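Working notes, beginning with the structure itself.
The values are calculated or read from the model by the stated rules, or taken from the named source; none is laboratory data. None of these values were measured; they are calculated from a predicted model. With ideal geometry, Cβ positions are generated from the backbone for all residues, glycine too; neighbour counts draw on all protein chains shown. Side chains are part of the model used for accessible areas, which takes the heavy atoms of the whole protein and leaves out ligands, DNA and RNA. Shrake-Rupley method; radii C 1.70, N 1.55, O 1.52, S 1.80 Å.
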Amino acid sequence: MVAQGIVQVSLVIANGLRAQHNTALQVRGVMTAGAHAPLRRQPRAPVRMKPAPFEYFAAESLAHALDLKARHGDEARFLAGGQSLIPAMNFRLAQPAVLIDINPLPQLDGIEAEGAGGMLIGALTRYRSLERSAQVARHQPLLAEAVPNVAHPQVRNRGTLAGNLAHADPASELPAVMLASRAILRVQSVRGERRIAAQDFFINLFTTALAADEMLTAIELPALPARSGCAFIEVSRRRGDYAMMGVAAVLVLDAAGVCVEARLACCNAGPTPMPLAAAAAALRGARVDAAAAADAAELARGEVDPPGNLHASAAFQTHLVGVLTRRALVAAAGRARANSGAAP
Amino acid sequence: MKTINLVVNGKSYTREVEPRMLLSDCLRHALGLTGTHVGCEHGVCGACTILFDGQAVRACLMFASQAQGHVLRTVEGLASGAGQLDGLQQAFRDTHALQCGFCTPGILMTMTEFLAEHPAPTEAQVREALSGNLCRCTGYQKIVEAVMLAASRSRHAATGAA
């Protein structure tokens, strides 16, 4: 499976991209020292442009977009919100030869109900729409709680959920939310359509299961079970920063208030979003009270081996996994009990 | 190179641009609208914020050719005429909400959208909405005051209250 994404991006450069202070200087320092062309030697054009040249196509239809991608493969990138791709292009960390702009395809934008409580989110659906959707608030509260944590209002006005997932930044909140939501990603190419479970979609940092000719066209979110509760909690230095650590939790209770299903996932603990499987397994068959949440948090801490980064050491990230797991479980359990008609 | 037509502040401009020209650079260099500032060029500082179909977006994260067919508004388009200030700009002046002024255009555009959607915001909401614009001079306190003042003045003007 050919990776779709930025090849040879080291964690240092990835952290440099996310550093909120002295970013430009840091990243340029890394770049001139390393594998990429030095920025300072560019000839002065009459008007300065920073991305490398590319051929631009405004897609006229989905078929047209897929045909272009099939012809250019990894040399072409889709342009949706551009909130991750264009910064990378401005730094010249990404230099696609071809850009296929899918913004002219409104049919890709939309939130559709699928069955009772399930939903289908189109590729061009922006965070702004998800934030304002009563449907999402009601049927996908985990997503609704996570989206306001993504970057800033200006980014949310343009950025798309699909673009975020295809970009597969390990520090992003939404891949972890997709794991906990049991999302299924619909992917299309000239060869047809396939559906990829979220747990199989994220391969490595900035690397997904998308083949060179494929576009992520929609995200299926199954309905949450009855008597379930969700929570998403993150810690970041400032509002909108990438999470130092974030945990998504979904708990499903039976009629007696005992947990029958637990889903836990965290972001930024490794190159892909990580399920906290041992912690989740320990909750099944138990009442999720404060003690059970604390025990699960302990297990979660043992399951992760985060790399640490510019903003949080490995030890701190591990500590946060424990704290946020416990808090998310307590919140999710309370909501699940409320959704069961019991006192939270 | 391709020829694009941009509508900015109600005026139509036709220019030849390379596909890779950023909207921020196009506004500043090809259109001469230098009110939009460039701070980081990777989408974190907000100095380049403009209104795109009424929504605050980072002009450094859009290509000029993407803006064809859309309605753009920059800081130059806020006041109704030369030497004038709109309500928000006046409030910034009155509360001393700018020092060097570099971040100010971006903040004005962000807050223009915000106030249109939230005519009676809380201070917490204002701070949340400001999170995508960085200011190195003011510490944000006066900026928040300016936005609250502008909102309050707008509400009083609308209701005719004193």
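Miscellaneous remarks
- Checking each residue in region B:19-48 for being modelled with pLDDT of 95 or more and acidic (Asp, Glu) picks out only B:Asp25.
- When A:Leu105 is tested against (1) within 14 Å of chain B (Cβ to nearest Cβ); (2) closer than 24 Å to B:Glu113 by Cβ; (3) not β-branched (Val, Ile, Thr), just one condition goes unmet, and that condition is (2).
- Residue tally, condition open to solvent by 10 Å² or more (accessible area, probe 1.4 Å) and within 17 Å of B:Gln66 (Cα to Cα), over region A:110-126: 1
- Candidates A:Leu210, A:Leu251, A:Leu221, filtered to the one that is open to solvent by less than 10 Å² (accessible area, probe 1.4 Å) and out of contact with any Asp or Glu (no Cβ under 9 Å at 6 or more places or on another chain): A:Leu210
- Checking the stated criteria, B:Ser24 turns out not to satisfy the condition of being outside any loop (DSSP other than H, G, I, E, B), in contact (Cβ under 8 Å) with a residue 60 or more places away in the chain, touching a Lys or Arg at 6+ places or on another chain (Cβ under 9 Å) and buried (at least 20 other Cβ atoms within 10 Å of the Cβ).
- Meets criteria (closer than 27 Å to A:Val150 by Cβ, modelled with pLDDT under 95 and charged (D, E, K, R)) for A:Arg239: yes
- Residues located in region A:53-69, provided they are facing another protein chain (nearest Cβ under 7 Å) and open to solvent by less than 40 Å² (accessible area, probe 1.4 Å): A:Phe54, A:Tyr56
- Residue count for region A:308-338 satisfying the condition of being open to solvent by 70 Å² or more (accessible area, probe 1.4 Å) and either within 11 Å of A:Met245 (Cα to Cα) or assigned to a loop (DSSP other than H, G, I, E, B) (or both): 3.
- Residue within region A:165-182 that is without any contact (Cβ under 8 Å) to a residue 24 or more places away in the chain and either within 14 Å of another protein chain (Cβ to nearest Cβ) or within 14 Å of the chain's Cα centre (by Cα) (or both) present: no
- When residues of region B:5-21 are limited to those that are surrounded by fewer than 19 Cβ atoms within 10 Å (Cβ to Cβ) and farther than 17 Å from B:Glu76 by Cβ, the one farthest from the other protein chains (Cβ to nearest Cβ): B:Thr14
- In region B:39-46 there is at least one residue that is under 25 Å from A:Ala52 (Cα atoms), facing chain A (nearest Cβ under 9 Å) and touching a strand residue (DSSP E or B) at 6+ places or on another chain (Cβ under 6 Å).
- A:Gly229 without any contact (Cβ under 8 Å) to a residue 12 or more places away in the chain and away from chain B (no Cβ under 14 Å): no
- Looking across region A:74-86 at every residue that is open to solvent by 10 Å² or more (accessible area, probe 1.4 Å) and more than 25 Å from B:Thr3 (Cβ to Cβ), the one that is nearest to the other protein chains (Cβ to nearest Cβ) is identified as A:Gln83.
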